[in-house]
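Below is one structure, written out as C-alpha cells; comments come after it.
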Amino acid sequence: MNYLLMLFADEKAGSAIPPDQMAGFMAQMAAYQGVLEKAGAFVGTAALQMTNTARTITTQGGELQVHDGPYADTREQFGGYFIISAPDMDTATALAAQCPAATWGHIEIRPYHP
C-alpha cells in the first residue's frame, strides 16, 4: 500500500532561516530520502512552492470560483510530501517518524485508495 506523508510547517518561519542553515535542513531531508530508498519504501517526493503561488477553486451554482492562496488560512502550511510504500499504517508511521520535518512541523500520513 502507498502512503502520502504530507509535510506541514510555518512557511513564514522557514523563510526567515538563513540560507546556510536551510541547506543543512535540506541535507537532512535528502538523507531521509536515502533511508526510505534503503528500506525499499521510497516512491516519490516534492517540495511545494509558497502558498502565495496557490489557487483554490470550487464550483458554486454552476460557476467556477477561483481564489488566490490555499484553502485554509492556518499557522502551518502544506509544504511538501513523500510518497512511500509500506505494508501497513504502523510501518508507515515508523518510517514517517524518521523524517526530519517532524521536528519543525507536522506530518499527516494518509493511505491511498487501492
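Overview of results
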| quantity | calculated |
| --- | --- |
| Restricting the stretch 55-104 to residues that are part of a loop (DSSP other than H, G, I, E, B) and among the hydroxyl-bearing types (Ser, Thr, Tyr), the residue that is nearest to Met22 (Cα to Cα) | Thr74 |
| Pairs with Cβ under 7 Å, 6+ apart, first in the stretch 60-85 and touching a residue at least 12 places away in the same chain (Cβ under 8 Å), second open to solvent by less than 90 Å² (accessible area, probe 1.4 Å) and of a type in the set (Phe, Trp, Tyr) | Glu76/Phe8; Gln77/Phe8; Phe78/Phe8; Gly79/Phe8; Ile84/Tyr3; Ile84/Phe42 |
| Selection from the stretch 56-68 of residues that are closer than 27 Å to Ala101 by Cβ and surrounded by fewer than 10 Cβ atoms within 10 Å (Cβ to Cβ) | none |
| Selection count where residues are farther than 13 Å from Gln98 by Cα and in contact with a helix residue (DSSP H, G or I) (Cβ under 8 Å, 6 or more places away or on another chain), scope the stretch 9-41 | 6 |
| Tally of residues being over 12 Å from the mean Cα position of the chain (by Cα) and crowded, with 16+ Cβ neighbours inside 10 Å across the stretch 85-103 | 5 |
| Some residue of the stretch 39-48 being free of Cβ contacts under 8 Å to residues at least 60 places away in the same chain, open to solvent by 50 Å² or more (accessible area, probe 1.4 Å), of a type outside the set (A, V, I, L, M, F, W, C) and not in a loop (DSSP other than H, G, I, E, B) | yes |
| Check on Leu4, in contact (Cβ under 8 Å) with a residue 24 or more places away in the chain and in a strand (DSSP E or B) | yes |
| Residue in the stretch 64-78 that is closer than 21 Å to Ala30 by Cβ and among the small types (Gly, Ala, Ser) present | no |
| Members of the stretch 7-24 that are assigned to a helix (DSSP H, G or I), touching a Phe, Trp or Tyr at 6+ places or on another chain (Cβ under 9 Å) and open to solvent by less than 50 Å² (accessible area, probe 1.4 Å) | Gly14 |
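The values are calculated or read from the model by the stated rules, or taken from the named source; none is laboratory data. Computed from a predicted structure; not experimentally measured. A quick note on method: Cβ atoms are made from the backbone with ideal geometry, for glycine too, and the neighbour counts reach across all protein chains shown. Heads up: the accessible areas ignore ligands, DNA and RNA and are worked out on the full protein's heavy atoms, side chains in. Shrake-Rupley method; radii C 1.70, N 1.55, O 1.52, S 1.80 Å.
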